[in-house]
1. List the aspartates and glutamates whose Cα lies under 12 Å from the Cα of Lys298, skipping any in the same chain that are fewer than 8 positions away.
2. Could you tell me which GluC sites (Glu not before Pro) in segment 182-248 are loop residues by DSSP with no more than 15 other beta carbons within 10 angstrom of their beta carbon?
3. Please compute the per residue accessible area over segment 224-267 with all protein chains in place, 1.4 Å probe, rounded to a whole number of Å².
4. Considering the zone a paramagnetic label at Ala258 would reach in this model (a point 7 Å from Cα along the Cα-to-Cβ line), which residues of segment 184-228 have amide N under 12 Å from it?
5. Which semi-axes, in whole Å and largest first, does the equivalent ellipsoid of segment 182-304 have when worked out from the alpha carbon gyration tensor as the square roots of 5 times its eigenvalues?
6. Cβ under 10 Å from Pro290's Cβ, Pro290 left aside: what net charge do those residues give with Lys, Arg +1 and Asp, Glu -1?
7. Using a 1.4 Å probe on the protein chains only, how many percent of the accessible area of segment 169-250 belongs to carbon and sulfur?
8. How high is the FRET efficiency between Leu19 and Ala105 when r is their beta carbon distance and R₀ equals 25 Å, given to the nearest 0.05?
Amino acid sequence: MAMYENEEASKTYQYLLILLGLASLSMAAATLYVMEVLSFNYGAGVAVVSLANTTNVTSSVTQIAAQLGNLQSAIRETYLVAIIAFGLLGSSLVLYISRYKRFGAVSRRYTLLHLTLTLLYIGLFYLVLSNLQINYTGIYFLVLFASIAVALAIDVYLQLSISSKSPVGSKTRGGIRIEPETPYTNLVTLRDSLFSKLQGDVRIVDKHFNSDAISNLHRLLETSLTNVKKIEVLTSSEVFDSKFNDNYTDFRNELRNAGVELNLMLMSDNDSRAQHERFVFDDARAYKIPPLNIINKKSEHIVGLRVGEAKSRFEALMRNATKYDNYVVKQARGPS
């Protein structure tokens, strides 16, 4: 079941990158094909020129000989097109690998690079084809032209999508932008625009909740604790550090003194392996968030979620969860 409102957008972005990669592959294959055609025609042209010195040639062979100068230029241009084509493949691969950081620095840089290479490819490929007499209505070239159109359309769409986003750390339509270059500003923005609005029972799902996560959670909630009655955290023991129990105990006692109950639960092993998303919610609002231990150091677009689905997922995870206190007792006893 799709839990997040932006999940469909993320899948669409992934599919666009796959389509962009296929278009880039088609463009690279077309370059190799044209290189083969040029090599054959150039070789035939050289043979015809030498043959024409001693014997008559047919009109078709004469046509090949007449193109010999253009073929030489086209071959040199095709080498440049080949370099650009494989640059397109490489940049599309980088974009797909970094697809989870859609608005990060790497994605922005390589989206612009792919668009620039696509425009260069179109210009140089036109110069190459203008020097040749080839039937452009064949199915192969129709597929190529379609691939070029698809690549250009996706490049322009992705570039416009990135350019439309607000500056670092600012609120955007439907969410909040944070970037790793401004960790302090990120925390202030998240505190003032998101965590300060949480009230009553606050519930968090984050499988990598460690001492750094406790520190960041304290900084995010310290100015709005009067609005909170209880904090429930669902996590796993994957990244517990040596000081986690001491830090958790101190944090729980401090919250208790402020009239806030803290309840830490550990997901089952199966649930922990399957649960990759992090989210926070109360009775009125829900948000997808980065891991709390690095919440201010990631490139992320934080968006709102449907409260009902967040609550349903949280309750499903709670059914198989274990209290942290029971986990500590079990660890102290050692292997049974």
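1. Glu179, Glu181
2. Details: sites: Glu222, Glu232, Glu238; in loops: Glu222, Glu238.
Taking segment 182-248 and a limit of 15 other Cβ atoms within 10 Å, the loop GluC sites (Glu not before Pro) found are Glu222, Glu238.
3. On the way: 2230 Å² over 44 residues.
Dividing the accessible area of segment 224-267 by its residue count gives 51 Å².
4. Counting backbone N atoms under 12 Å from the label point, the list is 196, 215-228.
5. Working: eigenvalues 74, 65, 44 Å².
Rounded to whole Å, the semi-axes are 19, 18, 15.
6. Residues close to Pro290 contribute a combined charge of +2.
7. Details: 1600 of 3590 Å².
Roughly 45 percent, rounded to a whole number.
8. Details: r = 23 Å, r/R0 = 0.94.
Using R0 = 25 Å, I get an efficiency of 0.60.
The values are calculated or read from the model by the stated rules, or taken from the named source; none is laboratory data. Computed from a prediction, not measured in an experiment: that's the story for all the values here. Heads up, the Cβs are rebuilt from the backbone with ideal geometry, glycines too, and the neighbour counts pull from every protein chain shown. All accessible areas refer to the heavy atoms of the entire protein, side chains included, with ligands and DNA or RNA removed. Shrake-Rupley method; radii C 1.70, N 1.55, O 1.52, S 1.80 Å.
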